[in-house]
Amino acid sequence: MLVGLTGGVGCGKSTVLKIFGELGWFTIDADSLVHEIYRDKSMGGTFLARWGEAEITDSSGNIDRKKIAEIVFNNQGELEWLESVLHPAVFERSAKIIGRCKSDYIMFDVPLLYEKNKAFVFDLIISIWTEQSVQYKRLMERSWSINDIESRNLRQFSQGDKLERADLGIINSGPMGLLREQCKILDKKMRTIQYGKKKISDR
């Protein structure tokens, strides 16, 4: 079974993915794959050719994600270009991982799952929802500004829209114990459903 995990920024996708990992699921984090892509020297040349070494590297000469973020999130054209490079690379890498995976239960965290029309890839989709006040508090604790949060939210489907489209939902506005309990309930529920493991490369 291949399950897609999605939700708005600051909704707790990484935490939920970690919990399912503890419950025995094989997990794939799209953000971790993006980190790998930025560290890949063959891919790095693509970004350097686009923006130049001085604009996007740190003092050690490594690509700095924060510098790239500053460029793309203030320029729609640059953001679209970056996504056109990153998203195919992420799914190519994930397809290889899934192809080698022996687990019957795989969960893939994809923040822009619906926005990039990837719902058809998965057997089931879980969307995480959190109250807006909680979302803002979490992100501001990470030093995000109100403008940063609103700008990112505008580029994604609303939390309610994602939740409505999903097969299953998790509400993450309360204590950790409640979140874990929801994950355990969904874990048991999904293990009773018979699905074959889809191959992203075939989709």
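FYI, it's all coordinate maths here, none of it is from the lab. Here the structure is a predicted model, which means the values were calculated and not measured. Here Cβ is always computed from backbone atoms with ideal geometry, including for glycine, and neighbour counts include all displayed protein chains.
Subtracting the Cα-Cα distance from 0.36 nm times the residue separation, let me have the gained length for E78 to S59 in nm, one decimal.
Between E78 and S59, full extension yields an extra 4.5 nm.
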Query raised in the report: Taking the structure as given and computing Rg and Dmax of the Cα atoms in Å, which label from [x] 23.6, 74; [y] 16.6, 51; [z] 17.5, 53 fits?
Result: [z]
Query raised in the report: Roughly how many whole Å is it from the C-alpha centroid of the range 117-135 to that of the range 9-48?
Result: 16 Å
Report summary line: Per GNM of the chain with C-alpha springs under 10 angstrom, the most fluctuating residue out of Q135, Q156, Q76 is Q76
Query raised in the report: For the chain, what does -39500 (n - 2.57) per DSSP helix run (n ≥ 4), summed and divided by total residues, give at 222 nm, in deg cm²/dmol to the nearest 500?
Result: -16000 deg cm²/dmol
Query raised in the report: Do any GluC sites (Glu not before Pro) in the range 115-148 lie in a DSSP loop with no more than 15 other beta carbon atoms within 10 Å, and if so, which?
Result: E115, E131
Requested in this report: Could you calculate the contour length gain from L112 to E181, that is, 0.36 nm times the residue separation minus the distance between their Cα atoms, to one decimal place in nm?
Outcome: 22.3 nm
Report summary line: If R0 = 30 Å, then K66 and T192, at their Cβ-Cβ distance, give a FRET efficiency to the nearest 0.05 of 0.10
Query raised in the report: Of I170, P111, I193, which is farthest along the charge dipole of the range 2-202 in the positive direction, counting Lys and Arg as +1 and Asp and Glu as -1 at C-beta?
Result: I193
Requested in this report: Averaging sequence separations of C-alpha pairs under 8 Å and six or more residues apart, then dividing by the length of the chain, give the relative contact order as a whole percent.
Outcome: 39 percent
Query raised in the report: Dipole of the chain, Cα-centred, from +1 at each Lys and Arg C-beta and -1 at each Asp and Glu C-beta, to the nearest 20 debye?
Result: 760 debye
Requested in this report: With springs connecting C-alpha atoms under 10 Å apart, model the chain as a Gaussian network and identify which of R142, R180, R165 has the largest mean-square fluctuation.
Outcome: R142
